[in-house]
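Report on the following structure.
The values are calculated or read from the model by the stated rules, or taken from the named source; none is laboratory data. Not measured: the values here are computed from a predicted model. Backbone-built Cβ (ideal geometry, glycine too); neighbour counts: all protein chains shown. We work out accessible area using only protein heavy atoms, side chains counted, and drop any ligands, DNA or RNA first. Shrake-Rupley method; radii C 1.70, N 1.55, O 1.52, S 1.80 Å.
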Amino acid sequence: MPRWSGGRVAVTGDAAWCATPLAGIGTTLAVAGAYVLAAELAAADDVAAAFAAYERAMRPMVEDGQGVPKIAPKLMNPNTRLGIRLLHGALRIASTKPARRLAARFTAGRAKEPDLSRYPVPEV
């Protein structure tokens, strides 16, 4: 969605950004989004300003989580026996220690999550 709020209504989680299940980050985004939205609403006098701050904090992480190549769902859900065999073979190779180390080297980097330390810890 281009905007996650309008007037006095905001959305979060799958209603706002719906990352693909292949990204493996949907629950993290939903919980972080709810936390950031609640904290911004609690800290702001103006609802519109709170919604804007929420979106500024969350959008980089959401866009990063949505960054799955368009072909990935087709590759991960083959329709033919050959496709299934190729997928299983690729997953078998990907699950080996050398392949995991190589993938970690290329995918590790600075995460784009919001800085949650700027929000006060709620008292329980």
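Largest first, what is the accessible-area ranking of 95, 117 with a 1.4 Å probe? Please list the in-between numbers first.
Numbers: 95 70, 117 95 Å².
My answer, sorted largest first, is 117, 95.
A 1.4 Å probe, protein heavy atoms only, puts the accessible area of residue 116 near 70 Å². Computed over the chain with a Gaussian network model linking Cα atoms closer than 10 Å, the most mobile of 78, 114, 98 is 98.
Remark on the chain: hydrodynamic radius 16.9 angstrom, per the Kirkwood mean of 1/r across alpha carbon pairs.
So with the 1.4 Å probe, I'd like the accessible area per residue for region 27-70, rounded to whole Å². Intermediate values should be presented prior to the final figure.
Numbers: 2320 Å² over 44 residues.
Per-residue accessible area for region 27-70 comes out at 53 Å².
For the chain, what % of the accessible area comes from carbon and sulfur atoms, probe 1.4 Å? Provide the component values of the computation, followed by the final result.
Working: 5490 of 9060 Å².
Answer for the chain is 61 percent, counting heavy atoms of protein chains only.
Basic side chains Lys and Arg get +1 at the Cβ, acidic Asp and Glu get -1 at the Cβ, and with that the dipole of region 14-124 about its Cα centre reaches some 1300 debye.
Per-residue ellipticity at 222 nm from helix content only, as computed over the chain with -39500 (n - 2.57) for each DSSP H run of at least four residues, stands at -17000 deg cm²/dmol.
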